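S.K.: One structure, pasted below without further comment.
What follows is calculated from the coordinates using simple rules that are stated; it is not laboratory data. It should be emphasised that the depicted structure is a prediction, and the values quoted were computed from it without experimental measurement. Ideal geometry is used to build each Cβ from the backbone, glycine not excepted, and the neighbour counts take in all protein chains shown.
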Amino acid sequence: MNNGLERLILALDVERVEEGRELLASLEGELKYVKIGHQLYARGGFPFLREIGAMGFSIFLDLKLHDIPNTVFQATEALASENLWALTLHCGGGRKMLEEARRGKEKAGSRTNLLGVTVLTSFDDASWAEVAPGCSLPDALEKRAALCRETGIDGIVCSPLDLPVVRAAGEGLFTVVPGVRPASADDDQARVATPQKTIANGADYIVVGRPILNAPNRIAAVRSIAASIEEGLKCRSL
Ligand code: C5P
């Protein structure tokens, strides 16, 4: 597998388990990481995750856990026992919740990467002010990235545009970046950048869904994005 594919995560945002299964079968050997969100997890649960794990894919379970610390401790212990590559937590749950998630992972003796989600990219300044009056969105992002670093979380999910702030405040954590588009794409992601630029700017992994899922030739789309990632890696070493 080339270096580009080692950094590409497919967002498997499909409605039916059967569709997900067929799609992954067509990409076996072409792709390593797969992100499963609430939709498909609700339909397929762990039987489906174990099935795709057995196919050789590394699983990123994007459940954005957000609850009282004790509940998140127990949930993380259970989920991290399942041989996942990564699991997301919502940083809005606060320091104690993030610490307890880490303790849950440790209790499970697991190597699952815990990833913090700082502020959902669906917020704009007005909708953010409704739920967090008095705290600007950039401030929240920076504080939450620092909280991930302080609590021993492994990585952070952030938009391409937030990479500089997140990399500074969350120094030492790896970054996973959705909202990445080949230059030609045209859909509803507003805060986007190309794979090459995102990797050149220091992202460790990129998450791509529709540009692969909707491509007429998915293997070609995966290979072309991987090539763009490799170009980005070259820019880093210049
Ligand atoms: O289809 P697309 O490439 O936009 O998919 C991006 C994936 O990343 C989706 O699964 C979406 O839920 C997720 N995501 C995102 N923005 C975030 C966090 C996750 O688009 N801030």
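S.K.: Once amide H atoms are placed 1.01 Å from N in the peptide plane, what residues at a sequence separation of 5 or more from Ala86, or on another chain, have their amide H within under 5 Å of its amide H?
M.R.: Amide H to amide H, under 5 Å and 5 or more residues apart or across chains, Ala86 pairs with Ile59, Phe60, Leu61, Asn113.
S.K.: In nm, to one decimal, how far is the His66 label point from the Ala108 one, both placed 7 Å along Cα→Cβ?
M.R.: 2.0 nm
S.K.: Considering all alpha-carbon pairs of the chain, what whole percent are spaced by more than 30 angstrom?
M.R.: In whole percent, the share of Cα-Cα pairs in the chain beyond 30 Å is 23.
S.K.: Grab the Cα-Cα distance for Arg95 and Asn217, subtract it from 0.36 nm times how many residues apart they are, and report the gain in nm with one decimal.
M.R.: Additional length available on full extension: 39.5 nm.
S.K.: Okay, moving on. Along segment 164-181, what does the Karplus equation 6.51 cos²θ - 1.76 cosθ + 1.60 (θ = phi - 60°) give for ³J(HN,Hα), rounded to whole Hz, x for Gly and Pro?
M.R.: Values, residue by residue: x, 5, 5, 5, 6, 6, x, 3, x, 8, 8, 10, 10, 10, x, x, 10, 9 Hz.
S.K.: Still on this model: How much mean residue ellipticity at 222 nm does the chain get from its helices, if each DSSP H run of length 4 or more adds -39500 (n - 2.57) and you divide by all residues, to the nearest 500 deg cm²/dmol?
M.R.: The helix contribution divided over the chain gives -14500 deg cm²/dmol.
S.K.: Sticking with this one: Reachable lysines from Lys234, Cα under 22 Å, same-chain residues fewer than 8 places away excluded?
M.R.: Once the sequence-local lysines are set aside, what remains near Lys234 is Lys32, Lys197.
S.K.: What is the distance in Å between the Cα centres of segment 1-55 and segment 94-116?
M.R.: Computed from Cα coordinates, the inter-centre distance equals 23 Å.
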